[in-house]
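Data first, discussion second: the structure below is written as structure tokens.
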Amino acid sequence: MKESDLLNIAQQYGNPLYVYDSEKIISQYNRLTNAFSAVKNLKLNYAAKALSNITILRLMNSLGSGLDTVSIQEVKLGLLAGFKPESIIFTPNGVSLEEIEEASALGVRINIDNLSILEQFGSKHPDVPVCIRINPHVMAGGNSNISVGHIDSKFGISIHQIPHLLRIVDLTKMNINGIHMHTGSDILDIDVFLYASEILFETAKNFKNLDFIDFGSGFKVPYKDGDIETNVEELGNKLSTRFNDFCKDYGKALTLAFEPGKFLVSEAGYFLAKVNVVKQTTSTVFASVDSGFNHLIRPMLYGANHSIKNISNPEGRERYYSVVGYICETDTFASNKRINEISEGDILCFRNAGAYCFTMASNYNSRFRPAEVLWHKGEAILIREQETFDDLIRNQVDVKNLFTSKEKVKVK
Ligand SMILES: *Cc1c(COP(=O)(O)O)cnc(C)c1O
């Protein structure tokens, strides 16, 4: 979508504001599907936690996507958005047996990532098919903060525990219908990913009633010019061939599943914030926007590099800025960033704001979470209203008669 469209939308709906481009989401979905066209049964389960607005979920459902969920609330959101229970997979970690049972009772597929819950669930519900999350101990990601396949990771059942896993399955007579891995949030190296896949195939041979193998996600998308991105076409080529060979040996056309979050929605999102103050100090020029890590925490949490453009002055000469928020904390979005010359009142546009941006927003500093708009077929559609003061106090219990104005706290 064009910068002028974004500027118009900011004028119409105010700021700060999230805008999502449906066309980009659809093209990313199609790109991944096409990359695996050689596989007979492909299923993409969109990872809801990346961007969980119900209208976005409806868009995914309309594309034929399934849904990957990590909490019972995401399961319920998916059902509300019209997903059939069997199109939803519940892939939590560290949640209670009760929560897994609740999801299972709703008819969604269950993915279990530890032996303790597997044993308990299998003993109580031997007839419910279960997928198991394996940790192949392969680090496919570049950033150790977000690579989850390594030996210290809390995610998944270690590949070294397969003998114990098989014992549990055997003793409980439970039915394993899927094998899953999610090795990290950034697949840099396709060969590393394929190596992890071999471990998954090897594991899969232990189970006779599989329906699917789920390769998780971690597709890398570019955040700035020159960034590496996962070559999904090359991965599709290599993994499809290997998968089809495996299915031939296995004797059944299994489903190949992925759970992309970032890949589908990251680049479709734009975050628009207005510059309140341009502040020249002795060491830099700060541009303070009407936002902070309450709305977009990835730069502070992961050091994520979101490109920033001044869409109010796209042709202006570039200068160096430190872009900061208005939160009473260090909330630096970017330092030493070259941005078209900024005046107070200009709208800055943060790219890659589709994944893990709104869903990580909070009310810190008692600020409202922003509105969300979907840009669909040339039309700006409001898909979430900005919060109001009522939202902030909705669940607070204002105990008015607990303290009298005359009460003094006695300190002994
Ligand atoms: C978060 C998550 C995903 C999505 O990861 P992306 O990097 O956003 O594609 C997939 N699977 C599981 C189990 C997850 O927790």
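Once you've got the Cα coordinates, tell me which of 24/252; 154/337; 24/238; 2/154 are over 32 Å apart.
Values: 24/252 34 Å; 154/337 36 Å; 24/238 25 Å; 2/154 42 Å.
Those over the limit are 24/252; 154/337; 2/154.
Rounded to the nearest 0.05, what FRET efficiency do residue 96 and residue 54 have when you use their Cβ-Cβ distance and R0 = 30 Å? It would help to have the intermediate numbers written out before the result.
Details: r = 26 Å, r/R0 = 0.85.
Given R0 = 30 Å and the Cβ-Cβ separation, E is 0.70.
Can you sort 284, 33, 241 by solvent-accessible area, 1.4 Å probe, largest first? Walk me through the numbers before you get to the answer.
Details: 284 25, 33 50, 241 80 Å².
Largest accessible area first, the list is 241, 33, 284.
Expressed as a whole percentage, what fraction of the accessible surface of the chain belongs to carbon and sulfur atoms when a 1.4 Å probe is rolled over the protein heavy atoms? Don't jump to the answer; show the numbers that get you there.
Numbers: 9470 of 19450 Å².
That share works out to 49 percent.
So what's the net charge close to residue 94: Lys and Arg +1, Asp and Glu -1, counting the other residues with Cβ under 14 Å from its Cβ? Display every interim value, and only then the final one.
Details: positive: 133, 154; negative: 98, 99, 113.
Neighbour charge sum, excluding residue 94 itself: -1.
Counting Lys and Arg as +1 and Asp and Glu as -1, what is the net charge of the other residues whose Cβ lies under 13 Å from the Cβ of residue 17?
Numbers: positive: 274, 369, 384; negative: 5, 290, 372, 385, 387.
Once positives and negatives cancel, what remains is -2.
Keeping all protein chains in position, work out how much accessible area residue 180 exposes to a 1.4 Å probe, and write it in Å² to the nearest 10.
Surface open to solvent at residue 180 totals about 0 Å².
Hey, what's the per residue convex hull volume over the C-alpha atoms of the chain, in cubic angstrom?
Values: hull volume 82.8 nm³, N = 412.
Hull volume normalised by residue count: 201 Å³.
If I ignore ligands, DNA and RNA and count only protein heavy atoms, how much of residue 360 is accessible to a 1.4 Å probe, in Å² to the nearest 10?
The value for residue 360 is about 60 Å².
With an 8 Å Cα cut-off and a minimum separation of 6 or more residues, compute the relative contact order for the chain in percent.
Numbers: 842 pairs, mean separation 75.6, N = 412.
Relative contact order, the chain: 18 percent.
How about region 291-382: which trypsin sites (Lys or Arg not before Pro) there lie in a loop by DSSP and see at most 13 other Cβ atoms within 10 Å?
Numbers: sites: 309, 317, 319, 337, 338, 351, 367, 377; in loops: 317, 351, 367, 377.
Passing both the DSSP loop test and the Cβ count: 317, 377.
If you line up the long axis of helix 22-35 against the longest principal axis of the chain, both from Cα atoms, how many degrees apart are they, to the nearest 10?
Once rounded, one gets 30 degrees.
Determine the sum of side-chain charges near residue 153: Lys and Arg each +1, Asp and Glu each -1, restricted to other residues whose C-beta is under 13 angstrom from that of residue 153. Provide the component values of the computation, followed by the final result.
On the way: positive: 133, 154; negative: 113, 152.
That sum, taken over residues with Cβ under 13 Å, equals 0.
Mind ranking 298, 167 by accessible surface for me, highest first, 1.4 Å probe?
Numbers: 298 15, 167 155 Å².
Highest to lowest solvent-accessible surface, that is 167, 298.
When only the heavy atoms of the protein chains count and the probe is 1.4 Å, how do 301, 106 rank by accessible area, highest first? Could the numbers behind the result be given before it?
Numbers: 301 95, 106 65 Å².
Ranked from most to least accessible, the order is 301, 106.
Over the chain, average the accessible area per residue using a 1.4 Å probe and give it in Å², no decimals.
Details: 19450 Å² over 412 residues.
Each residue of the chain exposes 47 Å² on average to a 1.4 Å probe.
For a test of the definition: using alpha carbon positions, the gyration tensor, and the 1.5 limit on a/c, classify region 312-376 as rounded, prolate or oblate. Mind dumping the intermediate values first?
Values: a/c = 2.03, a/b = 1.35, b/c = 1.50.
Verdict is oblate for region 312-376.
Which value, in Å² rounded to 10, gives the accessible area of residue 274 with a 1.4 Å probe and all protein chains present?
Near enough 70 Å² of accessible area.
Name the residues whose placed amide hydrogens come within less than 5 Å of the amide hydrogen of residue 46, ignoring near sequence neighbours (fewer than 5 apart) on the same chain.
Those qualifying (amide H under 5 Å, at least 5 residues apart or on another chain) are 66, 67, 68.
What lysines could a cross-link reach from residue 124, if we take a straight Cα to Cα line under 19 Å and drop same-chain neighbours fewer than 8 places away?
Of all the lysines, those that pass the test against residue 124 - Cα under 19 Å, at least 8 places apart if same chain - are 173.
Spelling out what I want: for every residue of region 75-83, take phi, set θ = phi - 60°, compute 6.51 cos²θ - 1.76 cosθ + 1.60 (Karplus), and round to whole Hz; glycine and proline get x.
Ordered by residue, 3J(HN,Hα) equals 4, 5, 4, x, 5, 4, 7, x, 5 Hz.
With everything on Cα atoms, drop me the angle between helix 115-124 and the longest principal axis of the chain, reported from 0 to 90° to the nearest 10.
Approximately 60 degrees, to the nearest 10.
Mind checking region 232-262 for trypsin sites (Lys or Arg not before Pro) that DSSP puts in a loop (not H, G, I, E or B) and that have at most 16 other Cβ atoms within 10 Å?
On the way: sites: 238, 242, 248, 252, 262; in loops: 252.
Loop-located and lightly packed - 252.
Where both partners of a DSSP beta bridge lie in the chain, what percent of those bridges are antiparallel, to the nearest 5? Before the final figure, lay out each step's value.
On the way: 28 of 64 bridges.
DSSP beta bridges in the chain are roughly 45 percent antiparallel.
For region 33-50 and region 303-326, compute the distance between their C-alpha centroids and round to whole Å.
Taking the Cα centre of each part, region 33-50 and region 303-326 sit 35 Å apart.
The values are calculated or read from the model by the stated rules, or taken from the named source; none is laboratory data. Keep in mind that what you see is a predicted model, and the values were worked out from it rather than measured. Positions of Cβ are generated from backbone atoms using ideal geometry, with glycine treated the same way; all protein chains shown enter the neighbour counts. Keep in mind that these areas ignore ligands, DNA and RNA; they rest on the heavy atoms of the full protein, side chains included. Shrake-Rupley method; radii C 1.70, N 1.55, O 1.52, S 1.80 Å.
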